[in-house]
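Engineer: Here's a structure for you.
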Amino acid sequence: MSVTTHTVLWGQTIIYTIYVSVIILLMAWFAYNITRKGPSKVSPKAFYTFVGFLVTVGVSIHLFTYFTIPWKHVDLNAAAYPAAQTYDITMQDHQFSMPADVLEVPCNEYTEFNVVSNDLTYGFGVFRPDNSMIFQMQVVPWRDDNTIKWKFTEPGDFTIRSTEYSGPEGAQMILKDAIRVTGCEA
């Protein structure tokens, strides 16, 4: 089974839901014990041991997800992954300026998106038809290093959206079906 953004999101949702639930239970237990009448049953040793356990588990979760996210290697070693296609995209005045209305992207090959902002911080996100995000990056103005490489492994038409708050007009920065991925095996 290949790891996709769906797999990572599903796994992180379960892991973090359990983790946050344990933290909330700890807080409720602590609040109950320090507000009830009589001597507190919360010893400092027990409390700080449990907090240390939660910190250890939290750091472990982050390390685990760091080593399981498949696109991390591409980000860290971009030169080793040449792009079959490169698209230069400009963002300005809450508008996308693209080289074509629809970007034709080959399946199972790396595609590079070079995105430049000429005025504000925007986001560059690519979404599936069901509105789940495939990837996103922050686009900092006047920088030429806002790039991301991605290998699309599923065919279809994908939407580009700004994923950063850039004022009320930023909510309208949506290009429906702006990327078409073809050539995937059935």
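Engineer: Which of the residues belonging to the range 52-94 are more than 22 Å from the chain's Cα centre (by Cα), over 30 Å from Gly183 (Cβ atoms) and either in contact (Cβ under 8 Å) with a residue 12 or more places away in the chain or exposed (fewer than 12 other Cβ atoms within 10 Å of the Cβ) (or both)?
Structural biologist: Scanning the range 52-94 gives Gly52, Leu54, Val55, Thr56, Gln92, Asp93.
Engineer: At least 3 residues that are hydrophobic (A, V, I, L, M, F, W, C), under 19 Å from Ala100 (Cβ atoms) and without any contact (Cβ under 8 Å) to a residue 60 or more places away in the chain in each: list the strands (runs of 3 or more DSSP E) lying fully within the range 116-186 that qualify. If you could, list the steps in order and put the result at the bottom.
Structural biologist: Working: elements: 122-127, 133-139, 147-151, 156-161, 174-182.
It comes to 122-127.
Engineer: Here's something else I'd like to know. Please specify each residue of the range 160-176 satisfying the condition of being within 18 Å of the chain's Cα centre (by Cα), under 16 Å from Ser132 (Cα atoms) and surrounded by fewer than 18 Cβ atoms within 10 Å (Cβ to Cβ).
Structural biologist: Scanning the range 160-176 gives a single hit, Ile174.
Engineer: When the range 137-153 is examined, which residues are found to be of a type in the set (Phe, Trp, Tyr) and exposed (fewer than 14 other Cβ atoms within 10 Å of the Cβ)?
Structural biologist: Step one: list which residues in the range 137-153 are of a type in the set (Phe, Trp, Tyr), which gives 142, 150, 152.
Passing the criteria: only Trp142.
Engineer: Also: With a cut-off of at least 1 residues that are in contact with a Leu (Cβ under 6 Å, 6 or more places away or on another chain) and assigned by TED's automatic domain parsing to the domain that holds Asp145, name the strands (runs of 3 or more DSSP E) lying wholly within the range 1-112. Break it down stepwise before answering.
Structural biologist: Values: elements: 85-92, 95-97, 103-106.
Per the criteria, 85-92, 95-97.
Engineer: Scan the range 153-186 for residues that are hydrophobic (A, V, I, L, M, F, W, C) and in contact with a Pro (Cβ under 8 Å, 6 or more places away or on another chain) and jot them down. Step through it out loud before you land on a result.
Structural biologist: Here is the first cut: in the range 153-186, the residues hydrophobic (A, V, I, L, M, F, W, C) are 158, 160, 171, 173-175, 178-179, 181, 184, 186.
Correct list: Phe158, Val181, Cys184.
Engineer: Would you mind telling me which numbered condition in (1) modelled with pLDDT under 85; (2) within 30 Å of Pro106 (Cβ to Cβ) Ala80 fails?
Structural biologist: (1)
The values are calculated or read from the model by the stated rules, or taken from the named source; none is laboratory data. Only a predicted model underlies this, so the values are computations on that prediction, with no experimental measurement involved. A quick note on method: Cβ atoms are made from the backbone with ideal geometry, for glycine too, and the neighbour counts reach across all protein chains shown.
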